[in-house]
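Shown next, in structure tokens, is the structure this report addresses.
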Amino acid sequence: ANPVLSTKICRYSAEALREAVLLIRAGEPIAVPTETVYGLAADATDSHAVAAIYAAKGRPSFNPLIVHVSDIEMARRLAQFSPAAERLASRFWPGPLTLVLPVRPDSGLSPLIMAGLPTVALRLPAHPAMRALIRESGRPLAAPSANRSGGISPTRAEHVLSSLNGKIRMILDEGPTSEGLESTIVAPEADRVRLLRPGPVTPSMLAQASGLPIDLAQDAARIEAPGQMESHYAPSKPVRLNALKAEKEEFLIGFGLMPCNINLSVDADVREAAANLFAALHQADASAAAGIAVAPIPAEGIGAAINDRLRRAAA
Ligand code: TXA
Ligand code: MG
């Protein structure tokens, strides 16, 4: 059994960053905000550190991790960039896009990251805390979402604490994340871009930047991105979708003007709804209600990614 650690929340500051860097260099995973969700970060070149991420999350070892870099040069040392990959990186990095690319044999990455795949998932995040942590520790950082495997992703430091208290030493707190949903994951190929996980960067944005057709075949993606399992982001209560009103004992998560327990966006704005989604699910889960009902969310723009997460929460 793993020892129980004392977990502290530190408001992001120069001093907190210094302490975080020391922990990373000592091979400890720590929670850090990105613009999408809070990540559980550790040195991607140190197999002990990477193993500690899997242990803290209770994550199956066949589910590979995303590696975060602080600049494109660091990314090019880890993986091979095709022209399409270069176009996507120059348009969307730093930001909420993850590229799945052939890993270089001399990358120095722990093999645990790839979990046996010939590819590595790379992301250059926009959040200053995560970028500073990568730059100051001088290492690429592996970081899955900072929650127990299968649970709801954290968009606030308190969500991390309620899921990983006693499992990690430190949470860098920089308030609620701005995007609220995990990054879009794509595999760029010579003649098309395969979408492995929908997210803030939408298919039309990808098509415009790459000049290639976007392959939405989610069945293939499910096999290839093992984390894209059917049941995920799951609250502990039953979730009912497309609800227009609450049944008895249900907590209703609304959208647009309607009576409900919490509203994702009174103005019916899908971006605002994305930013609020996981906090609403955490709140519904912690409430006394027996079940969770969620209003219909339009599938336009980031709405497609919201519906993807809701479908898995309900599965
Ligand atoms: O926004 C995000 O992407 C957040 C923040 C922390 O960066 N991270 C995140 O990581 O969502 P995680 O571990 O919760 O999800 C990573 C997904 C999993 O579905 C995993 O299977 C997939 O990425 N993945 C990782 N490496 C892959 C690879 N080589 N090929 C295909 N899928 C991969
Ligand atoms: Mg996750």
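So the values come out like this:
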read-out	value
Gly108 being touching a residue at least 60 places away in the same chain (Cβ under 8 Å) and surrounded by fewer than 21 Cβ atoms within 10 Å (Cβ to Cβ)	yes
Sole residue being buried (at least 21 other Cβ atoms within 10 Å of the Cβ), within 30 Å of Gly291 (Cβ to Cβ) and at pLDDT 95 or above, chosen from Val193, Val201, Val239	Val239
Candidate set from segment 152-166 (those that are assigned to a loop (DSSP other than H, G, I, E, B) and surrounded by fewer than 24 Cβ atoms within 10 Å (Cβ to Cβ)); member that is nearest to ligand 2 (Cβ to nearest atom)	Arg156
Enumeration of residues in segment 277-302 that are surrounded by fewer than 20 Cβ atoms within 10 Å (Cβ to Cβ) and part of a helix (DSSP H, G or I)	Gln283, Asp285, Ala286
Wholly within segment 11-107, helices (runs of 4 or more DSSP H) carrying at least 3 residues that are assigned by TED's automatic domain parsing to the domain that holds Arg192 and within 16 Å of ligand 2 (Cβ to nearest atom)	47-57
Filter result for Asp308 (touching a residue at least 40 places away in the same chain (Cβ under 8 Å) and over 17 Å from Pro198 (Cα atoms))	no
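This table checks each residue for (1) more than 27 Å from Ala84 (Cβ to Cβ); (2) assigned to a loop (DSSP other than H, G, I, E, B); (3) within 16 Å of ligand 2 (Cβ to nearest atom).
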site: Ala132; (1), (2), (3): yes, no, no
site: Gly150; (1), (2), (3): yes, yes, yes
site: Ile168; (1), (2), (3): yes, yes, yes
site: Leu181; (1), (2), (3): no, yes, yes
site: Val186; (1), (2), (3): no, no, no
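The values are calculated or read from the model by the stated rules, or taken from the named source; none is laboratory data. As the structure is a computational prediction, the values presented were derived from the model and not from experiment. Here Cβ is always computed from backbone atoms with ideal geometry, including for glycine, and neighbour counts include all displayed protein chains.
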